[in-house]
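Here's the structure, in structure tokens; my notes come after.
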Amino acid sequence: MSNQMTAPGGVPAWLRALVLAAALTLFVLIITGGIVRVTEAGGACPDLFSLGPCLAMWDAPAGQQTVIDLIHRLTTILAAPLVAGSAWLAWRHFRSEPWIARPLYLGLAMMVVQILLGAAIALGVLPFDPQSVTALHLLLSLLTLAPVLVSLVVMFYLERAGTVQPARLVYRSPFARLSLLTLLAFSVLLLTGALVSGGQASTACPSWPLCDGLSLPQTPAAWLNVIHRLVVAVSGGLLVALFLQAWRTQRTQTPILVATTAAVVLFISQGLLGARLVNGFPVYMLALHQATAVAALAALVVQVTAVGMAARSTEEEMADAASIAGRKGLWKDLLALTKPVVVLLLLVTTYAGMVIGAQAWPSLSLTFWTLLGGFMAAGGSGAINQYIDRLDDVKMQRTQKRPIPAGRLTPGEGLAFGVGIALASFYLMVAFVNFLAALLSLAGILYYVLLYSIILKKTTVQNIVIGGGAGAIPPLVGWAAATGSLDIPSLFLFALVFMWTPPHFWALAIVRRKDYARAGVPMLPVVRGEAETRRQIFIYTIELVALTLLMPLFGLGGGIYLIGALLLGLWLLHAAWMVWKQEGNKVAWKMYRYSSMYLAFIFVVLMIDRLL
């Protein structure tokens, strides 16, 4: 790698990975710093330069504060060399590329100042109240993270372009200027919010919209609170305007549209969490509140950088807007992205998990929020999956009429919609269900998108076997939503769906074997042939039925369930036997349809058994 400009092929992967690691670590550092401030955990570790005293206090009465302070300190120790190493390597290899190197220099400088300031706060050597430096400390944190993100986005753009030309960030359109203004307003929002919480100004202004009915504030703390509320309103208005303009004028710009959508969802979610924190704040909610605010800022920094790198003119943006004039069927296409038929079956298992876990009908409110969150999580995952598979979908007869390959939606619209509703699902679960159900739902999203869609689907014949875990999580979500916990019987619901998935999808893979072969997806019929696939379908079906009949031994299901499971099992075994012994797509298609009905019916039988 030369010291001149970006080499042909863009920025090397190892440097992008290092800068990404630095950005993620800084993100965690800011979150833990905010928790330290609010929980007053600063200095809980008595010795700044030794971890031994902290570890010795782990089980002390103030152990939680000690753990918080220790995590923050360890994150600082990890972040500093990552940022320093990124800046040094940028200086070595990309000093002539200003939008890669200079932001990292700035991030390193701010990191050094921030560490010194944080140490001064922890040691209590400041000549004034530490609360008065809260805004400065946060500002330095943001000035460390933001330039690292700028450098990272530029790297990815140059990698995608494979250019040897220095990057230029240009803001010449109304949308570009609106993006800059929104980022500025949101940064001010975070700073005023830190001042309000750090200086306890929230108690000085208990009513809304002003502090005492409609009277003007009477104290500096009250004025600060009112100013913060005004900045919230301005930032919210700008974000809404940015969102509407992005979906109108940036539909072909995937990074811009996704980052804008994510920023708006995160902003709304942060407000929702803030409202839920009024009645007290467990540490995990506090951490999530902090993380959401910083993530919204990070999304805006990425968005503004992407806008600058795209350097679009007003005419280009208007061409995007003109291309959707008179567009019909948008909501129908967005719904199609969610794979509603698949989601409906998942919601059946989710609701069944609620009833089976609680052994009672859940309340209407809990049912509504759990199923809405489940629909958005599964639907968002399906939309992201369709974005990932968009090039393969064109090659497959079954999928080529989907909204993205058919051209009714751009890839950016599909990905932004999926990311938006998947993010929103997590926060709805946190706010209206419980944290465990939200975490399980998030795990399902990551499992399906990252492990199955990106890693497994095109790389191994075991894609469906391992990837089946994603579809097995919804009943756990329902169980956790109704009970707030998981136990051994709940894991059998996971195992049931996990074992059901291979014979169900392999039956479809037999019918669509040529499609998968054209798309290069190593499904079992493509790799090992139909005969082996039919045999495996029968073997897995035997194992599935055996599992369902053993479940009563572990406290899940009684006599009613056992009779139903036996009858349903014989029905499915007969369908699998026919697949094994007869060739042709007709019996495989029946197996696919029957297995869908089998899963729904066996969960219904479990529900009836638990209720009676």
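The values are calculated or read from the model by the stated rules, or taken from the named source; none is laboratory data. Only a predicted model underlies this, so the values are computations on that prediction, with no experimental measurement involved. Every residue, glycine as well, gets a Cβ built from its backbone with ideal geometry; the counts of neighbours run over all protein chains shown.
Could you say which residue among A291, A241, A275, A233 is in a helix (DSSP H, G or I) and either of a type in the set (S, T, Y) or under 29 Å from L20 (Cα atoms) (or both)?
A291
For region 503-540, give me each residue that is part of a helix (DSSP H, G or I) and either over 34 Å from the mean Cα position of the chain (by Cα) or at positive phi (or both).
R528, E530, A531, E532, T533, R534, R535, Q536, F538, I539
Inside region 372-489, counting only helices (runs of 4 or more DSSP H) that do not spill past its ends, which hold 2 or more residues that are under 13 Å from the mean Cα position of the chain (by Cα), of a type in the set (S, T, Y) and under 24 Å from V240 (Cβ atoms)?
Passing ranges, in order: 411-432.
Can you tell me which of (1) part of a helix (DSSP H, G or I); (2) touching a residue at least 24 places away in the same chain (Cβ under 8 Å); (3) not hydrophobic (A, V, I, L, M, F, W, C) is the one G557 doesn't meet?
Here G557 meets the rest and fails (1).
Of the conditions (1) buried (at least 18 other Cβ atoms within 10 Å of the Cβ); (2) touching a residue at least 60 places away in the same chain (Cβ under 8 Å); (3) of a type in the set (K, R), R390 fails just one. Which one is it?
(2)
Scan region 301-321 residue by residue and report those that are part of a loop (DSSP other than H, G, I, E, B) and of a type outside the set (S, T, Y).
If the condition is that a residue be part of a loop (DSSP other than H, G, I, E, B) and of a type outside the set (S, T, Y), then A311, R312 are the ones that fit.
Just the residues that are surrounded by 19 or more Cβ atoms within 10 Å (Cβ to Cβ) and either free of Cβ contacts under 8 Å to residues at least 60 places away in the same chain or over 11 Å from V343 (Cα atoms) (or both), please, taken from region 372-381.
Hits for region 372-381 are G373, F375, M376, G379.
Hey, could you check region 83-96 for residues that are buried (at least 17 other Cβ atoms within 10 Å of the Cβ) and either touching a Leu at 6+ places or on another chain (Cβ under 7 Å) or polar (S, T, N, Q) (or both) and say which is nearest to L24 (Cα to Cα)?
Result: V83.
Among the listed residues L456, L439, L446, which satisfies the condition of being under 21 Å from A482 (Cα atoms) and without any contact (Cβ under 8 Å) to a residue 24 or more places away in the chain?
L439 is the lone residue from the list that is under 21 Å from A482 (Cα atoms) and without any contact (Cβ under 8 Å) to a residue 24 or more places away in the chain.
Determine whether L55 is surrounded by fewer than 17 Cβ atoms within 10 Å (Cβ to Cβ), at pLDDT below 75 and assigned to a helix (DSSP H, G or I).
yes
Going through region 322-371 one residue at a time, which ones are outside any helix (DSSP H, G or I), surrounded by fewer than 13 Cβ atoms within 10 Å (Cβ to Cβ) and of a type in the set (K, R)?
R327, K328
Yes/no matrix, rows are residues, columns are (1) touching a residue at least 12 places away in the same chain (Cβ under 8 Å); (2) not assigned by TED's automatic domain parsing to the domain that holds G420:
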{"position": "Y284", "(1), (2)": "yes, yes"}
{"position": "A291", "(1), (2)": "yes, yes"}
{"position": "S313", "(1), (2)": "yes, yes"}
{"position": "A319", "(1), (2)": "no, yes"}
{"position": "W331", "(1), (2)": "no, no"}
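When you check T261 against the structure, is it at pLDDT below 95 and surrounded by 18 or more Cβ atoms within 10 Å (Cβ to Cβ), yes or no?
So T261 does not fit the description; no.
If a residue has to be at pLDDT below 70, surrounded by fewer than 22 Cβ atoms within 10 Å (Cβ to Cβ) and among the hydroxyl-bearing types (S, T, Y) to count, how many in region 1-40 make the cut?
2
Residue check: is G520 out of contact with any Pro (no Cβ under 7 Å at 6 or more places or on another chain), over 30 Å from A431 (Cβ atoms) and free of Cβ contacts under 8 Å to residues at least 12 places away in the same chain?
No; evaluated as a whole, the condition is false for this residue.
Looking at (1) closer than 23 Å to L553 by Cβ; (2) of a type in the set (A, V, I, L, M); (3) surrounded by fewer than 19 Cβ atoms within 10 Å (Cβ to Cβ), which is the one condition that is false for M499?
It fails just one condition, (3).
Report yes if some residue within region 271-279 is touching a His at 6+ places or on another chain (Cβ under 9 Å), of a type outside the set (S, T, Y) and closer than 25 Å to A383 by Cβ; otherwise report no.
Yes, that holds for at least one residue.
Which of the residues belonging to region 576-612 are in contact with an Asp or Glu (Cβ under 8 Å, 6 or more places away or on another chain) and either under 30 Å from S490 (Cβ atoms) or among the hydrophobic types (A, V, I, L, M, F, W, C) (or both)?
none
Condition (residue is in a helix (DSSP H, G or I), within 13 Å of A352 (Cβ to Cβ) and touching a residue at least 24 places away in the same chain (Cβ under 8 Å)) applied to region 577-591: is it met by at least one residue?
No, region 577-591 has no match at all.
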